[in-house]
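Q: Before I ask anything, let me first share the structure, which is written out below as structure tokens.
The values are calculated or read from the model by the stated rules, or taken from the named source; none is laboratory data. These numbers come from a predicted model, not from an experiment. Every residue, glycine among them, receives a Cβ derived from its backbone with ideal geometry; neighbour counts consider all protein chains shown.
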Amino acid sequence: MSELNTVIAERIGNVAVVKLNRPDRLNAINMAMVYDLVEAFRTLSREREVSSVVVTGVGKAFSAGADVKEMVEMPLESVVREGHMPLWEAMRSFKRPIIAALNGVTAGGGLELAMACDIIIAGESARLGQPEINLGIIPGAGGTQRLTRTVGKYRAMELVLTGRLISAWEAYRMGLVYKVVPDEALLDEAIRLGREVASKSKFAVELAKESVNKALETTLQQGLDIERRNFYVSISSEDGKEGMRAFLEKRKPNWKF
Ligand code: CO8
């Protein structure tokens, strides 16, 4: 992978690990990091063997959000023109699962980055929230939308209006993270999950990921239509036929795609 300054990207077998790497700024997301993340996802999307990506932070934070020092100086025109959109587009078009492993403070744009991933797992010392209100601003990349769809209006409203950071366990009880593990086990657990996904048909995983994500983006009927279409595709695909035959013949499937 080409030289990245604010992100470390490495491969552990079929799983890629992307680490936000501005630990002295609690991995605050500046424009350089936006472009490094875009580059990392673009490169990984071309690497066929990579079956899933784990995103985590170096040091004691996942990310404390957008870099306030940079943001306060940005004229409106630059925010609108350059903004963070390339990052969300790169993640949205990435077909394989992205697992967020929250290793500490996950705030503002940091939580929005986590919520743009497909699965969120947290170390027990993680603290999550949307503290933008304390800066006199509001969330700008999913903190009022993805959060509300995930935890419901009243919990989201409390978090967005007070800026309170919650513990990993409170986030778990809200359904905002799927699992809490001891801090020292976090990365291993995220990679283990990535490896488990790697053992499935990549083609089926892509169809499944797209279908689940549509549940948050469409009406129920549109989501059901997409699910049905993807189901038809899966049962007609080579891997689908292979998986069903392998089950009937009591052997391990041999995935091609
Ligand atoms: N931006 C820039 N620098 C930061 C940020 C940040 N978001 N967060 C922390 N830092 C810096 C601190 O200024 C400090 O620098 P220094 O050592 O020079 O004083 C260093 O990182 C360490 O931070 P703290 O000493 O404050 O660490 P604590 O453990 O005491 O506190 C907190 C941790 C509570 C997380 C605290 O740092 C904090 O409140 N940070 C700001 C959190 C915040 O308000 N985030 C929201 C930012 S706005 C946003 O994210 C909008 C998103 C829009 C969409 C785009 C997303 C990509």
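Q: Out of the stretch 234-257, which residues are under 17 Å from residue 205 (Cβ atoms), over 25 Å from the mean Cα position of the chain (by Cα) and assigned to a helix (DSSP H, G or I)?
A: Answer for the stretch 234-257, where residues must be under 17 Å from residue 205 (Cβ atoms), over 25 Å from the mean Cα position of the chain (by Cα) and assigned to a helix (DSSP H, G or I): 235, 236, 238, 239, 240, 241, 242, 243, 244, 246.
Q: Okay, next question. Among 49, 39, which is the only one that is more than 9 Å from the ligand (Cβ to nearest atom) and surrounded by 15 or more Cβ atoms within 10 Å (Cβ to Cβ)?
A: Working: 49 fails: surrounded by 15 or more Cβ atoms within 10 Å (Cβ to Cβ).
Going through 49, 39 in turn, just one is more than 9 Å from the ligand (Cβ to nearest atom) and surrounded by 15 or more Cβ atoms within 10 Å (Cβ to Cβ): 39.
Q: Out of the residues in the stretch 201-230 that are farther than 12 Å from residue 96 by Cα and basic (Lys, Arg), state the one that is surrounded by the fewest Cβ atoms within 10 Å (Cβ to Cβ).
A: By that ranking, first place goes to 228.
Q: May I ask you to say which residue of 186, 176 is among the aliphatic types (A, V, I, L, M), modelled with pLDDT of 95 or more and either in a helix (DSSP H, G or I) or within 22 Å of residue 7 (Cβ to Cβ) (or both)?
A: Details: 176 fails: either in a helix (DSSP H, G or I) or within 22 Å of residue 7 (Cβ to Cβ) (or both).
Selected residue: 186, the only one of 186, 176 that is among the aliphatic types (A, V, I, L, M), modelled with pLDDT of 95 or more and either in a helix (DSSP H, G or I) or within 22 Å of residue 7 (Cβ to Cβ) (or both).
Q: Of the numbered conditions (1) assigned to a helix (DSSP H, G or I); (2) within 15 Å of the ligand (Cβ to nearest atom); (3) exposed (fewer than 14 other Cβ atoms within 10 Å of the Cβ), residue 154 fails exactly one; give the number of that condition.
A: Failed condition: (2).
Q: Counting residues that are surrounded by 14 or more Cβ atoms within 10 Å (Cβ to Cβ), more than 9 Å from the ligand (Cβ to nearest atom) and modelled with pLDDT of 95 or more, which helices (runs of 4 or more DSSP H) fully inside the stretch 71-138 reach at least 1?
A: Numbers: elements: 76-81, 85-92, 109-115.
Of the helices (runs of 4 or more DSSP H) lying wholly inside the stretch 71-138, those with at least 1 residues that are surrounded by 14 or more Cβ atoms within 10 Å (Cβ to Cβ), more than 9 Å from the ligand (Cβ to nearest atom) and modelled with pLDDT of 95 or more span 85-92, 109-115.
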